[in-house]
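Structure record follows, encoded as structure tokens.
The values are calculated or read from the model by the stated rules, or taken from the named source; none is laboratory data. Remember, predicted model here, so these are calculated numbers, not experimental data. Positions of Cβ are generated from backbone atoms using ideal geometry, with glycine treated the same way; all protein chains shown enter the neighbour counts. For the accessible areas, the whole protein counts, side chains as well, though only heavy atoms, and no ligand, DNA or RNA atoms are used. Shrake-Rupley method; radii C 1.70, N 1.55, O 1.52, S 1.80 Å.
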Amino acid sequence: MATLLPPPKRPKLYHGVAEPEPEPLKVSPNVVVQFVNEHDGTPIAPAVNLPANVAREGLEVLVNQLRTKDDDEHVPFAFHVALPEEATTPNAPTRIVISKSIEVDVLSHASHAFSEEDVLVVRCAPQSVFKVRPATRCSATLSGHSSPILCASFSPTGNLLATGSGDTHVRLWDLFTETPSHTLAGHTGWVLCVEWDPLERKLASGGHDGHVRLWDPKTGKPLGDAMKGHSKWVTSLAWEPLHLNSSTPRLASSSKDGTVRVWSTATRKLEYALGGHTASVNVIKWAGGGLGGHGILYTASSDRTVRVWDARGGKQLHILKDHAHWVTTLALNTDFVLRTGPFDHTGKRPSSDEEAQALALKRYTALVSRTPELLISGSDDHTLFLWSLFASSNAEPGGGKTKPLTRLTGHQRQVSHVAFSPDGRWAASAGWDSAVRLWDCSGAGQLGKFVATLRGHVGAVYRLAWSADSRMLVSASKDATVKIWDLKTYKIKSDLPGHTDEVYCVDFVADKVVSGGRDRTVKIWKN
């Protein structure tokens, strides 16, 4: 009997159309990759040949295996490839961040700057060992101030919040219960600035009345009378770094009257006053390094200069005259470790002042061992300057003029605020042109190299704050919104609307964001 063959398989039809032929699997090319350290450009290992479709997580595992380290600690990395100058376009990112794979992000990039025949130099930037969750919702709307909120600051541990307002009051808020803690009454004018000491024992405030006041955050009581001396309003406050003085840190205040005053917080007496500026001193920073490691004061003024002082006795060291208009903002790459002192993401509290001082010194030294203490100044001339005044190769013993490392241009209007990331690798600047610009200060290649413009606001950006892991940036704007930016994609991660008017101040600690502004409400944002 003959064997019967089965009938031919009936082809599937989709709305009368035959099923398309399956596409052949695409073979991923191999590429030669040289992994280098982002900080100094040194190779991590010899160049390796690997498939271009290896995921970013696979690259992280590979780099951790290639590193010549004695410990077994896994370090998270971010990867990017720098675009050649001829392939960059104005206001576009100057680097390609590898978020998926080399094949998807680099070889398929719109610039077509790289091919599979090139040796790809992939820069590896170590990330924080902890990760901050982005805030996505408003967990509390705190009312109580009867005038616009002009300043807000979390305490170093993130347990307390202080806000200053045009109603002449400072208010303390308990972040565990998200309720008012104390109302600090004493100023007779607007409260323009509040600053916590690094051990969270005292709070300083400065106001439109020209007075500087100290408060006990536990009781809400003033620590003595106001410290008087300024003839016009106080514009900025700065505490002496904890690793220089743990028992009785001094406090510096700048004023519209063109002077800077350094106060003893133990006696509330004036130690010395700094004259020399011929117009309002807009901001003051107390740095932890300098010649001899005794601390340095930086002051920026409307007389278009930045002046540098020895914090021991107030001797003037430098006058920086490169700006062409009012200098309105300063930032140090050590700001975060100076502000938080001995407190880090582990939440441990030191048992004594000596232990706190040792921990603060360890954190400060670890940061400046990678890059010397850097200063960035922003001005109404639409530009910023990056300075390294006390690196061994750049310091002048006499006090003559020191040239900036680089000039940062790109803003179309006045620069309103500049802030360094906690790890000191990035700087972000905000302007009246509604843009936030990101700069690379890690020391890989040119310091201060433009990275990307963050666009999304439709009004002037007033204030910036970084997350503790340096992976996110939060901005407050005239357009009544707060936005959180993802620095892996340079795009908005969370848009936080809710304010009904301009947002003047913002701060970021742990996974909490605070904002306040003209609508007289404080908003706490969480994940």
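May I ask you to work out the translational diffusion coefficient for the chain at 25 °C, viscosity 0.890 mPa s, via Stokes-Einstein with Rh from the Kirkwood sum over Cα pairs, reported in whole µm²/s?
Working: Rh = 24.9 Å.
It diffuses with D of about 99 µm²/s by this estimate.
What number in nm² do you get for the range 400-456 if you take the convex hull of its Cα atoms and divide its surface by four?
4.8
When the dipole is taken about the Cα centre of the range 137-526, and only Lys, Arg (+1) and Asp, Glu (-1) are charged at their Cβ, what size is it in debye, to the nearest 20? List each step's numbers first, then the result.
Numbers: 46 positive and 36 negative charges, 61 e Å.
About 300 debye.
Measuring from centroid to centroid over Cα atoms, what is the spacing of the range 498-516 and the range 398-472 in Å?
20
Can you work out the Karplus-derived ³J(HN,Hα) for every residue in the range 301-307? Use 6.51 cos²θ - 1.76 cosθ + 1.60 with θ = phi - 60°, whole Hz, and x for glycine or proline.
9, 6, 7, 6, 10, 10, 10
Amide H of VAL122 versus every other amide H placed in the peptide plane: which residues, excluding those fewer than 5 positions away on the same chain, fall under 5 Å?
Under 5 Å from the amide H of VAL122 lie the amide H atoms of GLN34, PHE35, VAL36, each far enough along the sequence or on another chain.
At a 10 angstrom cut-off on C-beta neighbours, averaged per residue, how do the peptides 361-368, 418-425, 457-464 rank from highest to lowest?
418-425, 457-464, 361-368
Specify the angular offset, from 0 to 90 degrees and rounded to the nearest 10, of the alpha carbon long axis of helix 353-368 from the longest principal axis of the alpha carbons in the chain.
50
Roll a 1.4 Å probe over the protein chains and send me the accessible area per residue for the range 137-526 in Å².
36
When ranked by the protection proxy of mean other Cβ atoms within 10 Å per residue, highest first, what sequence do the peptides 187-197, 331-341, 208-218 form?
Details: 187-197: 21.4, 331-341: 24.0, 208-218: 19.8.
Averaged packing, sorted descending, gives the order 331-341, 187-197, 208-218.
Can you tell me the FRET efficiency between HIS109 and ARG137 if r is taken as the Cβ-Cβ distance and R0 is 51 Å, rounded to the nearest 0.05?
Computed FRET efficiency for HIS109 and ARG137: 0.90.
Tell me, in nm to one decimal, what length is gained between GLN446 and LYS362 on full extension, where the rule is 0.36 nm per residue of separation less the Cα-Cα distance?
Values: separation 84, 0.36 × 84 = 30.24 nm, distance 2.76 nm.
Fully extending the segment from GLN446 to LYS362 adds 27.5 nm.
Using a 1.4 Å probe on the protein chains only, how many percent of the accessible area of the chain belongs to carbon and sulfur?
After summing per-atom areas, the C and S share lands at 51 percent.
Between GLU271 and residues 5 or more places away or on another chain, which pairs have amide H atoms under 5 Å apart, with H built 1.01 Å from N, and which residues are they?
VAL262, TRP263, SER264
Tell me, rounded to the nearest percent, the portion of alpha carbon pairs in the range 100-233 spaced more than 23 Å apart. Walk me through the numbers before you get to the answer.
Numbers: 4516 of 8911 pairs.
Across the range 100-233, Cα pairs with separations above 23 Å total 51 percent.
Around ASP257, under 14 Å between beta carbons, what's the net of Lys plus Arg minus Asp minus Glu among the other residues?
For residues surrounding ASP257, the net value is +2.
Can you list the residues, at least 5 places off or on another chain, whose amide H is less than 5 Å from the amide H of THR259, using H built in the peptide plane?
The answer is VAL281.
From the phi of every residue in the range 96-113, what ³J(HN,Hα) in whole Hz does the Karplus formula 6.51 cos²θ - 1.76 cosθ + 1.60 yield, where θ is phi - 60° and glycine or proline is x?
Ordered by residue, 3J(HN,Hα) equals 9, 7, 8, 9, 10, 7, 4, 5, 6, 8, 9, 5, 9, 5, 4, 6, 6, 7 Hz.
Show me, for the range 419-427, the HN-Hα J-couplings you get by feeding each phi into the Karplus relation (A = 6.51, B = -1.76, C = 1.60, θ = phi - 60°), rounded to Hz, glycine and proline as x.
8, 8, 6, x, 8, x, 8, 10, 10
Would you tally the net charge around LEU83, using a Cβ to Cβ cut-off of less than 13 Å, leaving LEU83 out, and scoring K and R as +1, D and E as -1?
Net of charged neighbours comes to -2.
Do the alpha carbons of any pairs in LYS348/LYS523; LYS26/LYS493; LYS232/LYS269 sit beyond 22 Å of each other, and which pairs?
Pairs exceeding 22 Å: LYS348/LYS523; LYS26/LYS493.
Using the Cα centre as the reference, give the magnitude of the dipole from point charges on the C-beta atoms of the range 30-126 (Lys, Arg: +1; Asp, Glu: -1; all else neutral), rounded to the nearest 20 debye.
For this selection, approximately 140 debye.
Name the residue from THR88, SER301, LEU361 whose Cα lies farthest towards the positive end of the charge dipole of the chain, charges +1 on Cβ of Lys and Arg and -1 on Cβ of Asp and Glu.
SER301
Let me know the charge dipole size of the range 420-471 about its Cα centre in debye, to the nearest 20, where only the beta-carbon of Lys, Arg (+1) and Asp, Glu (-1) is charged. Mind showing how you got there, number by number?
Details: 6 positive and 4 negative charges, 15 e Å.
In total the dipole reaches around 80 debye.
From the alpha carbon gyration tensor of the range 480-527, can you work out the equivalent ellipsoid semi-axes (sqrt of 5 times each eigenvalue) and give them in Å, largest to smallest?
After scaling each eigenvalue by five and taking roots: 20, 12, 8 Å.
Among 254-262, 347-355, 448-456, how do they line up from the highest to the lowest mean number of other beta-carbon atoms within 10 Å?
254-262, 448-456, 347-355
Contact order normalised by length for the range 30-126, with contacts defined as Cα pairs under 8 Å and 6 or more residues apart; what percent is it? Please list the in-between numbers first.
Details: 152 pairs, mean separation 38.8, N = 97.
Across the range 30-126, relative contact order equals 40 percent.
Please state the relative contact order of the chain as a whole percent: Cα pairs under 8 Å, 6+ residues apart?
12
I want to check the label-to-label distance for SER146 and ALA92. Put each point 7 Å from Cα in the C-beta direction and report it in nm to one decimal.
5.6
Considering the options ALA266, LEU161, LEU25, tell which one lies farthest towards the positive end of the dipole of the chain, charges being +1 on Lys and Arg and -1 on Asp and Glu at the Cβ, about the Cα centre.
ALA266
Of the options VAL106, ALA324, VAL234, report the single residue whose Cα projects farthest towards the positive end of the charge dipole of the chain (beta-carbon charges: Lys, Arg +1; Asp, Glu -1).
Of the options given, the answer is VAL234.
Using square roots of five times the C-alpha gyration tensor eigenvalues, list the equivalent-ellipsoid semi-axes of the range 30-126 in whole Å, biggest first.
23, 14, 12
Using the Cβ atoms and a cut-off under 15 Å, what net charge is assigned to the surroundings of HIS169, where Lys and Arg are +1 and Asp and Glu are -1?
Taking every Cβ under 15 Å from that of HIS169, the sum is +2.
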